[in-house]
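Participant: Have a look at this one.
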Ligand SMILES: *Cc1c(COP(=O)(O)O)cnc(C)c1O
């Protein structure tokens, strides 16, 4: 009777758009402007309007977007860039590939986002202000610390007011990793209004990897910014540092957005707001279905945050057993992410530990992502919840006989 419930459904949304996508590809074959061109410019305008920013610059991926944002914001080789270890590795790859060094602060264990108190402690206890330049210096390494990258993890905005205030005090450039947060909103008390993810910092990175809330049919990404200067630098960096063909002001990258992906993204952007609403409705339904299940921790959405639920992540001390139990009932789940970055082999021996990262470590051991996508039905969610309840009942601790 149990129907298979995938963790993610990437087939249905494209079936609904199939005719339009095919027409667009056919069109592209006729005009043959495959890289850049009017379809890319059109999408850039639409996405900037969606995010409430002056510019959006299309690039090859979310990783490109992060790396180009750092380069365009003038983060220099040898600089320290603060982020969290509880993210996808692209965040720190981009920092390293821009020549800088990742520095980690821990997350808040309820929201899984950067803990501003830990950021404050890091800046006050582990950094100093250089008297001559006013710059922030990491005491242990002597490196200038020049930027901070909060990640809006799972589609929920980080605590941007506190992070921006600390960044201003310590002269750090803020770059948002908004790769999971297309359309998420944050109420800024400082500015007295709701703001979209991607509009709250010097520059923000978005990924349009197929599984993201706005996904291409291939690789794609964008940087959003209100700065004319950063936007024009990114346009150069993504295209081999050229402002004019074959005249190179600097070395850049091959990091452009292709026209067919931009066209597909324009079609799918029209459905993003409705898709995000469906995700929020699904999250509310999970909450109703699961809130009284013991031993399970549900996502926490603070006041002033509108998550777009890229992922719906619960926590269980018996994560592995729960995942197996659900899998036996044909329910797909995921882990985002099972090992924090400071414990990855890629960084073995490379990270200066800046105090405890315990919240990241314990979250990584316990989190489980449930099926979440716009077409998820109430019936499917009931089946997921029934599976979790059955698991909890099978594990219920017997009362101790007195
Ligand atoms: C997906 C993702 C990225 C990287 O995006 P790509 O398009 O895959 O390069 C970066 N950061 C986070 C948090 C992501 O989820």
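Participant: Just subtract the alpha-carbon distance of residue 382 and residue 30 from 0.36 nm times their residue separation and send over the number in nm, one decimal.
Facilitator: 122.0 nm
Participant: Take residue 49, project a point 7 Å from its Cα along the Cβ direction, then tell me which residues of region 170-190 have their backbone nitrogen under 18 Å from it.
Facilitator: Label zone hits: 183.
Participant: Find how many whole Å separate the alpha carbon centroid of region 1-52 from the alpha carbon centroid of region 65-132.
Facilitator: Here the answer is 33 Å between Cα centres.
Participant: Which residue, 204, 100, 140, has the most motion in a Gaussian network model of the chain that connects Cα atoms within less than 10 Å?
Facilitator: It is 140.
Participant: May I ask you to derive the relative contact order of the chain, considering only C-alpha pairs under 8 Å and at least 6 residues apart, and to give it as an integer percent?
Facilitator: RCO, the chain: 22 percent.
Participant: Counting only the backbone N, which residues of region 181-218 are under 20 Å from the spot 7 Å out from the Cα of residue 267 toward its beta-carbon?
Facilitator: Inside the label zone: 208-218.
Participant: Which FRET efficiency, nearest 0.05, do residue 277 and residue 74 yield, Cβ-Cβ r, R0 30 Å?
Facilitator: 0.20
Participant: Another question about this same structure. With both bridge residues required to lie in the chain, what share of the DSSP beta bridges run antiparallel, to the nearest 5%?
Facilitator: 70
Participant: Extension gain residue 245-residue 168, at 0.36 nm per residue separation less the Cα-Cα distance, in nm? It would help to have the intermediate numbers written out before the result.
Facilitator: Values: separation 77, 0.36 × 77 = 27.72 nm, distance 3.80 nm.
So the chain would gain 23.9 nm between residue 245 and residue 168.
Participant: With no solvent and one equal point scatterer placed on each C-alpha of region 272-394, evaluate the Debye formula and give log10 I(q)/I(0) for q = 0.11, 0.14, 0.20 Å⁻¹, two decimals.
Facilitator: -0.43, -0.67, -1.14
Participant: Run the helix sum for the chain: -39,500 (n - 2.57) per DSSP H stretch of 4+ residues, divided by residue count, reported at 222 nm to the nearest 500 deg cm²/dmol.
Facilitator: Taking each H run of at least 4 residues, the total per residue is -11500 deg cm²/dmol.
Participant: Another one. Which distance in Å, rounded to a whole number, links the C-alpha centroids of region 187-229 and region 246-285?
Facilitator: That distance is 10 Å.
Participant: If I model a spin label as a point 7 Å beyond the Cα along the Cα-Cβ vector, how far apart are those points for residue 356 and residue 20 in nm?
Facilitator: Modelled inter-label distance: 5.0 nm.
Participant: Return the FRET efficiency for the residue pair residue 348, residue 117: r is the Cβ-Cβ distance, R0 is 30 Å, and the value is rounded to the nearest 0.05.
Facilitator: 0.60
Participant: In whole Å, what are the extents of the chain along the principal axes defined by its C-alpha atoms, from largest to smallest?
Facilitator: 78, 60, 43 Å, listed from the longest principal axis down.
Participant: Now a separate question. Can you give the FRET efficiency to the nearest 0.05 for residue 295 and residue 8, using r as the Cβ-Cβ distance and R₀ = 35 Å?
Facilitator: 0.85
Participant: Put a dot 7 Å past each Cα toward the Cβ at residue 140 and residue 128; how far apart are the dots in nm?
Facilitator: In this crude spin-label approximation the distance works out to 1.6 nm.
Participant: Okay, which of region 187-219 sit inside 20 Å, backbone N to the point 7 Å along the Cα-Cβ direction of residue 110?
Facilitator: Hits in region 187-219 for residue 110 at 20 Å: 187-190.
Throughout, read-outs are computed from the coordinates displayed, never taken from laboratory work. Quick caveat, the model's predicted, so the values are computed rather than measured. Neighbour counts run over all protein chains shown; Cβ positions are idealised from the backbone, glycine included.
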